[in-house]
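Novice: There's a structure below that I have some questions on.
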Amino acid sequence: MSSVRSSVQTRVCAQYLLLVGMSLTANACFIAPGDAQDRSSAGEPSAVGTTSQELVGWNIGFNWDSSMGTMVLKPKATHLCVLTKIAGQFAGLGESVHLTTDNTNWILEGQSQQGGVSASAMCFQRDAFTAAVNGSVNVVRTEFQASINDYSDTGRCFFGAKQETAAGNAFTFLEGFSGRLSLGVEDAYVNQSASLDSTSWFAVAACRPSMAWARAFRVGDAVHPALFMAPHGTVGDAVDIPEYRASNNGTVEMAPYDKAFCGFTAFGGQFNGGGESVRIYAATGPDNVRRWMLAASSASGSGTFASARCFARDQQ
């Protein structure tokens, strides 16, 4: 499985991440034909209240920390919610962040035995998405879980079994993590299918018991693979529009804010305290266009990384 994962990472970004003796080189990148963007810095994220704050009509954001218990977000019948930040020290199964649903609502929950664990989520109106066939109908798939139950005291880590999610006409994104993120090779990641005939999957790589959650979303009776968006609005499938990638205090511009939503497709590295985080937020660039941004922060200098895709609102 490690060879499969390596080939996927290489195809997505040639400068994706360099692991040499557990050190990480700073990087933020997105590669697509004729539409490459690379930014080392960007504006701060828009303020989002401790509970929530309406941003522009079609979405609403929530911030959570481990002192808050379970936070109720929006009704799952009317909204799609995605994880947009994880931060803090992840030392083992005592630390978790989990965006999920109950019978009625989206909820954001977790725990921490170390302190400093926090998260953010963004909820989008489901009726804001369109498709060519039955565009008023969209499907949020049941949550999926991938896990590793093994210990390693020899420095050898484990690549967990692939957990299949949905066909390539749906976008698979990460919803949470529980376990240790303290070595550069510990992470959770998605392999997005670009075909109706193959299935997306996700997995965990870790040296201690860990688990991750993911969900898939599609719009209408999709007769083509899910469409993703590049920084200047170009759309295409998962091959045409690769993942965005940020690491080691890097920030990268993603899709226009009002034309897509973005979700994590990988995160990992060394989350050793409150200064370590990966996040998705909105900011206005020098061209006065408001875009989604992907940032990876590491106050300790040890290194964090994340990848994301941006699912186009118009799936026609």
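Novice: What residues have an amide H closer than 5 Å to that of GLY268, excluding those fewer than 5 places away on the same chain, when H is modeled at 1.01 Å from N in the peptide plane?
Specialist: Those qualifying (amide H under 5 Å, at least 5 residues apart or on another chain) are PHE305.
Novice: Could you give the length gained by full extension between VAL133 and VAL185, i.e. 0.36 nm per residue of separation minus their alpha carbon distance, to one decimal place?
Specialist: 14.6 nm
Novice: When a/c reaches 1.5 or more, the comparison of a/b and b/c decides; with that in mind, is segment 97-245 rounded, prolate or oblate per its Cα gyration tensor?
Specialist: Prolate.
Novice: Also, quick follow-up: Using the Karplus curve 6.51 cos²θ - 1.76 cosθ + 1.60 with θ = phi - 60°, work out ³J(HN,Hα) for each residue of segment 159-176 in order, rounded to whole Hz, and write x for Gly and Pro.
Specialist: Rounded to whole hertz, the list is 9, x, 4, 5, 10, 6, 10, 8, 5, x, 7, 10, 8, 9, 9, 7, 10, x.
Novice: Under the rule of at least 5 residues apart or a separate chain, name every residue whose amide H is placed under 5 Å from the amide H of ALA170.
Specialist: For ALA170, the qualifying residues are ALA226.
Novice: Next up: Between rounded, prolate and oblate, where does segment 177-316 land on the alpha carbon gyration tensor, with a ≥ b ≥ c its root eigenvalues, rounded for a/c under 1.5, else prolate if a/b exceeds b/c?
Specialist: Oblate is the answer for segment 177-316, as a/c is 1.5 or above yet b/c matches or exceeds a/b.
Novice: If packing is taken as the average count of other Cβ atoms within 10 Å, what order do 237-244, 89-96 fall into, highest mean first?
Specialist: Listed from highest to lowest mean packing, they are 237-244, 89-96.
Novice: Using the count of nearby Cβ atoms within 10 Å as a rough guide to exposure, how do ILE280, ILE86 rank from fewest to most?
Specialist: ILE280, ILE86
Novice: Give me the distance between the Cα centres of segment 255-316 and segment 205-244, rounded to whole Å.
Specialist: Segment 255-316 and segment 205-244 have Cα centres spaced 14 Å from each other.
Bear in mind these aren't lab numbers, they're just calculated from the coordinates by the rules spelled out. Bear in mind that the values here come from a model prediction, so they are computed numbers and not experimental data. FYI the Cβ positions are ideal-geometry reconstructions off the backbone, even for glycines, and counts take in every protein chain you see.
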